[in-house]
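The values are calculated or read from the model by the stated rules, or taken from the named source; none is laboratory data. What you are looking at is a predicted structure, and each value in this text was computed from that prediction instead of being measured. For neighbour counting, all protein chains shown are included, and Cβ atoms are generated from backbone atoms with ideal geometry for every residue, glycine included. Ligands, DNA and RNA are excluded from the accessible area calculation, which covers all protein heavy atoms including side chains. Shrake-Rupley method; radii C 1.70, N 1.55, O 1.52, S 1.80 Å.
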Amino acid sequence: MEENPKCPKCGSDQTIPILYGLPISNEAEKRGEVILGGCLLVNGSPIWHCKKCHNRWGEFKC
Ligand SMILES: [Zn+2]
């Protein structure tokens with residue numbers, strides 16, 4: 001599994017990717033490995049979520 005980046009706000013490594021619009025099983029979300037960002041993904045949508053301070057950052061590019 002690839003390593004997640006650290007949170008730029010608090011420096012925590014408790015970060016998870018935000019997934020959009022994927023009809024996947026939410027088992028990974030139940031385990032807290034990912035977070036679902038809803039079905040709409042647009043340019044500039046955040047792609048990382050910090051579980052510690054709830055910061056969201058990153059930028060999706062189509
Ligand atoms: Zn953080």
(message) Six or more apart or on different chains, Cβ atoms under 9 Å: show the pairs whose first residue is in segment 38-54 and on the phi > 0 side of the Ramachandran plot and whose second is acidic (Asp, Glu) and open to solvent by 50 Å² or more (accessible area, probe 1.4 Å).
(response) 44/59
(message) So, residue 29, is that one outside any loop (DSSP other than H, G, I, E, B), within 12 Å of the chain's Cα centre (by Cα) and away from the ligand (no atom under 16 Å from the Cβ) or not?
(response) yes
(request) Please determine, by comparing only the residues of segment 30-46 that are open to solvent by less than 50 Å² (accessible area, probe 1.4 Å) and not polar (S, T, N, Q), which one is modelled with the lowest pLDDT. (result) 38
